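See below for the structure under consideration.
No value in this document is a laboratory result; all are computed from the given coordinates. These numbers come from a predicted model, not from an experiment. Cβ coordinates were reconstructed from backbone atoms using ideal geometry, including for glycine residues, and neighbour counts include every protein chain displayed.
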Amino acid sequence: GRIINIGTGWGGEMYFQRSQDAEVRVDIQEEPTPDYDSGWFQMSSNQGTASGKEVSHDFGAYPARVKVMTKAIDGNNNGYVFEGMGSGQSDDDFGEYGGLVYCYDQNRVRLFAPDQSNNQPGYIINVGDG
């Protein structure tokens, strides 16, 4: 496994990189109270159209910041929180894939958990081997 894996095919190969070492920084700040909080609710991957959810915030304008968090409820990472992504690139042809992806507009946040494709299950939290 690699900490940085930028595959071929991007930028005419000029950005290709595979590295085992990188600098990492952890910056923790206490967040102000959000203007909207959905509270924790359960979602599941591999449930067809039920793998998605839409949450209404009804601001009437694009929020300055949206943060989506997923908390493991079982397994070795039980209780740990993972941030959702605004976009994701993955290919189920190569085995396990996953992560919660979201988008938003002036009134809603749409959440997308992976669904099974090509006989490969997707995972709402996916930390691959490496």
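Place a point 7 Å from Cα of ILE3 in the direction of its Cβ. Which residues in the range 18-34 have their backbone N less than 12 Å from it? Inside the label zone: 19-26. Residues in the range 63-76 carry Karplus couplings, in order, of x, 5, 8, 10, 10, 10, 10, 10, 10, 5, 10, 7, x, 5 Hz; the curve used is 6.51 cos²θ - 1.76 cosθ + 1.60 with θ = phi - 60°, and Gly or Pro positions show x.
Between GLN116 and GLN29, the contour length at 0.36 nm per residue exceeds the alpha carbon distance by 27.7 nm.
Put a dot 7 Å past the Cα of TYR123, heading toward its Cβ, do the same for MET85, and the two dots end up 1.4 nm apart.
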